[in-house]
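The values are calculated or read from the model by the stated rules, or taken from the named source; none is laboratory data. Predicted model only: the values in this text are computed from it and were never measured. Methodologically, a virtual Cβ is constructed for each residue, glycine included, from the backbone with ideal geometry; neighbour enumeration extends over all protein chains shown.
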Protein chains: 2
Amino acid sequence: MKIAVCQFNPIIGDLKYNKQKILEGYEKGIKDKSQLVVFPELSLCGYPPQDLVEKQEFRDAVKQAAEEIASKTKSAGLIFGSITEDYEADVGTGIYNSAVFCYNGKIQLIQNKTLIPNYDVFDEVRYFESAKDVFVSEFCGEKLGISICEDIWNDADYWKKRLYPIDPIKKLLQKGATILINISASPYAYGRRKERYRMLQTLTQNDSIPLVYVCCVGAQTDLIFDGASMCFDKKGRLIKLGKFFDEDYFIYDTENSGEAIETVERSFEEEILDALILGLKDYAAKTGFKKALVGLSGGIDSALVTYIAVQAFGNENVHAVLMPSQYSSEGSIRDSEKLIKNLGISYDNITIQPVVNKIIEALKPAFRNKPEDITEENIQSRVRGIYLMALSNKHGYLLCTTGNKSEMATGYATLYGDMSGAISVIGDVYKTQVYKIASYVNRHKEIIPKEIINKVPSAELRPNQTDQDTLPPYETLDLILKMYLEEYKEYNEIVKVVKDEHVVKKVLRMVDINEFKRKQAPPVLRVTTKAFGYGRRYPIVQGWRR
Amino acid sequence: MKIAVCQFNPIIGDLKYNKQKILEGYEKGIKDKSQLVVFPELSLCGYPPQDLVEKQEFRDAVKQAAEEIASKTKSAGLIFGSITEDYEADVGTGIYNSAVFCYNGKIQLIQNKTLIPNYDVFDEVRYFESAKDVFVSEFCGEKLGISICEDIWNDADYWKKRLYPIDPIKKLLQKGATILINISASPYAYGRRKERYRMLQTLTQNDSIPLVYVCCVGAQTDLIFDGASMCFDKKGRLIKLGKFFDEDYFIYDTENSGEAIETVERSFEEEILDALILGLKDYAAKTGFKKALVGLSGGIDSALVTYIAVQAFGNENVHAVLMPSQYSSEGSIRDSEKLIKNLGISYDNITIQPVVNKIIEALKPAFRNKPEDITEENIQSRVRGIYLMALSNKHGYLLCTTGNKSEMATGYATLYGDMSGAISVIGDVYKTQVYKIASYVNRHKEIIPKEIINKVPSAELRPNQTDQDTLPPYETLDLILKMYLEEYKEYNEIVKVVKDEHVVKKVLRMVDINEFKRKQAPPVLRVTTKAFGYGRRYPIVQGWRR
């Protein structure tokens, strides 16, 4: 069977746009003589639609759009993802996450999702009921076994411990499926694609069945979808692989297998860069921003974010602001100007000192002669925040937040100061990884000045300050953070590795008590299995300490 | 049976504190000759523990604490809520939300929760498996049917449409239960208590069985629990009712029924005030803040928040800041000073104008001769934000955010400006309700000056500005917002009531496009069935428009 795979970047809620794209893909597939055209999970409404699903008017509009699409189909099959509804349900929401299979002008089958993920960033039980059964569709001499995303992630042969007691794929196979179709929307995290590949390979090989696994692509606020749709033959060989981090369209012919693709992942640095560029680009494109703004401190974080912004917006649409204070080293300004020149972007240089002085002067009586402390540091950061937001408001720039994951984890950042912005670009990238990515950016020529890469990290908010006055060395810090945040390791296990009870306790405590700051942080582009934001839900007020 | 009801305010994660309180309540119950002492849902770890549940070390500590408690029991029974774990589970998390029933030094029964809520603020499917069965415990000549919160909310006699296909209470009755015990943690919203009362009354009356319904009390960040534990006799009469918004302890004797209590709710104003006072007080108590700070604008919102802060912290621990600008009316300062006098609190008066001017001067070249717009208004608000945060940092004040729900809904607020703060006190109270509550505050004598109540609402960020330059009249606005946010009404239904397509469209659009601001807002104390925050999850970037 000739199957057209449409690796699509939907806009959540924009039914008109998504419907149009689905119809265009279908037409293209027909022109290329495909018998079947497949779009990803919830492609009609975008994934994840979140509480839009709870709106009856929205669901009605989705239903109407789905029927309009179906009404335009010819003999070639079309599968797309949509919300569907059982109006007769007397228990539960009656709402389903479905694959809609249509041809000859109407919907032929609605296959509902069986396994409803409800962990990490997934909240699907909030909205969707589980399918009551799975169905095989006879079509063009084949028996299509259609499933949705999570449905394929419960293979008893692959997983040591399963999340769900049932396996809808097994049921499809028992019902005689000859081709598996899985429509998916699985958020990106580095390493996940390889896992996906291995799992799907095991499945297709063991069950001797070809699989078309169609993914969406694009960023939806903080979630990035990497595309990389995969088609396997019945020997478990990967025959087609969709583009990474971009829309794609290709034909897979289950009859004519080709060479096996062995490599599904690139280097960490390359992947993360592409992911973040897509994340930033899509946030802007889907909200209407054309230009970006970055506050350049002279440090590596803001330098990398500026580079990413230039890739996402083009250098003519990125504006930098230098906001030196009395504690800024001369190098900071010089290095920033060098970066600006390398990237070919515009900039302003606006000192904060007179304003900071004026604020401290105004507050003096209310400070009641208390000594200088972190308050004065925060004032500097917040004045910079005011400048950045003012320029964003005045000129319509998207303000990119520049903090990294190590800072966000430990609260080493000022709320309403450097945490200001619409989107946190590298908030899911540890400081040690920021260095690696910056070096990768410079692999052909020096774009991020080596002075920026080599300098001792400092917030430059007081004389001779360095990050390590407050934080452990970044190698140690990031090791602890990764274990704690992503690997679900805890105090005792981490101490076994890091062998410094005091440091481990201190870091874990910093993470725990700074939940209040992260509550008010901008959305963080997610590139690991556990980012700050929607997928990580800690009580702000709580007393659990080691 | 004599049952001691312990309406407890746990601290999430503070196992030592919670364990101590449970043991104290048990001892008190024994002293009062109770045969059974009952604590609320998850009382040992606090509710909702959120992702703490995913930590193995945390769960191990909970298990140990539960066993320690059980080991100290004598012949009197003790029921408390705890996380428990099935280490043998080969599918799913193996983690349960349980009622632990112990006596004679050990755990006698672990009853797991059957119905796992996963809507609004509830995410329990993320953590907990559903009970495989329910059990009746023979104890002191009775058969106890123990259930947990949601388990009791699926009565086919009461609900037209049920959420779940099974009814664990029915099963307990079929197994011969003679007394029902429900341990609960159900967040407050005005009106919910009456619904709870009616539902439990129907249940106990229809099934001729007494019920002990034990609730927790206190605030957990944004969620407020109102207590009001209820004991019904087998005629469906409410015999005991716990205090509202406070810890309580009382004995219910199922053999000696008393007078029926008919009233379970007070006036809206009284209830909301008590709820918000508790919310603010607990946020402070559980995070260690002793003093509060409020920015007083001269408007009704900040006046009401200051009153609430005084109730929560005591007038000696509340500090106000007046931050007039060139657009502040003379009345604003005079009225604020009158309020300050009425409340007996300290204050500072710090002008923002010189700093605002200095900032605009510094930004002038970067503004590139563009005309004045909302940028300059935001700068004023953000300078106030800097002042407030600086005083909070310097003196350790908890900064109370003063915006109301109507503003938060429409985005009529400045991010990093007036939205700054640790907790949004009235962010779930509409402007029209703020007026009602302020009048209620003044019922005996004028505390909030009538000038503040009577003045035309204005942000005072430009000359002669009023809120209604931008927003529809508050009566109309709040009507639309309540229908849209809380009643799940949508465009067509709202237009039928409000009869102004343009206004309805505008308001709904304002709500939808300001999700990005609310993402970065502080937690909002929840007093309605749908507050901004955890229970309302809309995509920030999305294209659904009417």
Which helices (runs of 4 or more DSSP H) does region B:442-546 wholly contain that include 3 or more residues that are under 26 Å from the mean Cα position of the chain (by Cα)? B:474-481, B:501-513, B:515-519
Within region A:152-165, can one find any residue that is closer than 26 Å to B:Gly92 by Cβ, assigned to a strand (DSSP E or B), among the aromatic types (Phe, Trp, Tyr) and over 21 Å from the mean Cα position of the chain (by Cα)? no
Is it the case, given these coordinates, that B:Ser392 is within 12 Å of another protein chain (Cβ to nearest Cβ) and modelled with pLDDT of 95 or more? yes
Conditions (1) surrounded by fewer than 23 Cβ atoms within 10 Å (Cβ to Cβ); (2) assigned to a helix (DSSP H, G or I); number of the one not met by B:Tyr327: (2)
Within region B:410-429, the residues that are more than 14 Å from chain A (Cβ to nearest Cβ) and surrounded by fewer than 24 Cβ atoms within 10 Å (Cβ to Cβ) are B:Thr410, B:Tyr412
Which residues, taken from region B:489-507, are within 10 Å of chain A (Cβ to nearest Cβ) and under 24 Å from A:Gly46 (Cα atoms)? B:Lys489, B:Glu490, B:Tyr491, B:Asn492
Going by the structure shown, is B:Val5 free of Cβ contacts under 8 Å to residues at least 60 places away in the same chain, outside any helix (DSSP H, G or I) and buried (at least 24 other Cβ atoms within 10 Å of the Cβ)? no
Residues being among the β-branched types (Val, Ile, Thr) and in a strand (DSSP E or B) - total across region A:377-409: 1
Residues that are of a type in the set (Ser, Thr, Tyr) and on the phi > 0 side of the Ramachandran plot, drawn from region B:174-208: B:Ser208
Answer from B:Leu296, B:Leu322 - the residue that is crowded, with 17+ Cβ neighbours inside 10 Å, under 27 Å from the mean Cα position of the chain (by Cα) and without any contact (Cβ under 8 Å) to a residue 60 or more places away in the chain: B:Leu296
Taking the options B:Ser406, B:Ser328, name whichever one is touching a residue at least 24 places away in the same chain (Cβ under 8 Å) and under 28 Å from A:Gln520 (Cα atoms). B:Ser406
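To keep it simple, each residue is scored yes or no on (1) within 14 Å of chain A (Cβ to nearest Cβ); (2) modelled with pLDDT of 95 or more; (3) part of a loop (DSSP other than H, G, I, E, B); (4) touching a Gly at 6+ places or on another chain (Cβ under 6 Å).
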| residue | (1), (2), (3), (4) |
| --- | --- |
| B:Ala303 | no, yes, no, no |
| B:Val310 | no, yes, no, no |
| B:His319 | yes, yes, no, no |
| B:Ser332 | no, no, no, yes |
| B:Ala366 | yes, yes, no, no |
| B:Lys370 | yes, yes, yes, no |
| B:Thr375 | yes, yes, no, no |
Check B:Leu211, B:Leu223, B:Leu280 and return the single one that is surrounded by 22 or more Cβ atoms within 10 Å (Cβ to Cβ), on the phi < 0 side of the Ramachandran plot, of a type outside the set (Ser, Thr, Tyr) and assigned by TED's automatic domain parsing to the domain that holds B:Asn349. B:Leu280
Restricting to region B:44-88, name every residue that is within 16 Å of B:Val125 (Cα to Cα), within 14 Å of another protein chain (Cβ to nearest Cβ) and not charged (D, E, K, R). B:Tyr47, B:Pro48, B:Pro49, B:Gln50, B:Leu52, B:Val53, B:Ile83
Could you please find all residues in region A:23-79 being in a loop (DSSP other than H, G, I, E, B) and at positive phi? A:Lys33, A:Leu42, A:Gly46
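Conditions tested, residue by residue: (1) in contact (Cβ under 8 Å) with a residue 60 or more places away in the chain; (2) among the aliphatic types (A, V, I, L, M).
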{"position": "A:Leu180", "(1), (2)": "no, yes"}
{"position": "A:Pro210", "(1), (2)": "no, no"}
{"position": "A:Cys216", "(1), (2)": "yes, no"}
{"position": "A:Thr221", "(1), (2)": "yes, no"}
{"position": "A:Gly227", "(1), (2)": "yes, no"}
{"position": "A:Cys231", "(1), (2)": "yes, no"}
{"position": "A:Lys235", "(1), (2)": "no, no"}
{"position": "A:Leu238", "(1), (2)": "no, yes"}
{"position": "A:Asp253", "(1), (2)": "yes, no"}
Matching residues, region B:300-312, being buried (at least 23 other Cβ atoms within 10 Å of the Cβ) and of a type outside the set (A, V, I, L, M): B:Asp301, B:Ser302, B:Thr306, B:Tyr307
From the list B:Pro522, B:Pro539, exactly one residue is within 13 Å of another protein chain (Cβ to nearest Cβ) and over 17 Å from A:Leu52 (Cβ atoms). Which is it? B:Pro522
With respect to the numbered conditions (1) basic (Lys, Arg); (2) in contact with a Gly (Cβ under 8 Å, 6 or more places away or on another chain); (3) within 10 Å of chain B (Cβ to nearest Cβ), which one is the sole condition not fulfilled by A:Lys290? (3)
Number of the condition not met by A:Lys175 [criteria: (1) over 20 Å from A:Asp120 (Cβ atoms); (2) surrounded by fewer than 19 Cβ atoms within 10 Å (Cβ to Cβ); (3) in contact with a helix residue (DSSP H, G or I) (Cβ under 9 Å, 6 or more places away or on another chain)]: (3)
Per-region count, region A:12-43, residues under 19 Å from A:Tyr213 (Cβ atoms) and either out of contact with any Leu (no Cβ under 9 Å at 6 or more places or on another chain) or not aromatic (Phe, Trp, Tyr) (or both): 12
Residue under evaluation B:Gly258, criteria (1) under 27 Å from B:Cys45 (Cα atoms); (2) assigned to a loop (DSSP other than H, G, I, E, B); (3) of a type in the set (Gly, Ala, Ser), criterion not met: (1)
Residues that are under 25 Å from A:Tyr283 (Cα atoms) and not in a loop (DSSP other than H, G, I, E, B): does region A:410-421 have at least one? no
Residue list for region B:364-394, filter: among the aromatic types (Phe, Trp, Tyr) and more than 32 Å from the chain's Cα centre (by Cα): B:Phe367
Which residues, taken from region A:10-24, are away from every other protein chain (no Cβ under 12 Å) and either surrounded by 24 or more Cβ atoms within 10 Å (Cβ to Cβ) or modelled with pLDDT under 95 (or both)? A:Ile22
Can you find a residue that is closer than 30 Å to A:Met323 by Cα, at pLDDT 95 or above, surrounded by fewer than 18 Cβ atoms within 10 Å (Cβ to Cβ) and acidic (Asp, Glu) anywhere in region A:475-496? yes
Failed criterion for B:Phe250 (all others in (1) part of a loop (DSSP other than H, G, I, E, B); (2) surrounded by fewer than 18 Cβ atoms within 10 Å (Cβ to Cβ) hold): (1)
Options A:Ala189, A:Ala177: the member that is of a type outside the set (Val, Ile, Thr), in the same structural domain as A:Pro10 (by TED's automatic domain parsing) and under 18 Å from the mean Cα position of the chain (by Cα): A:Ala189
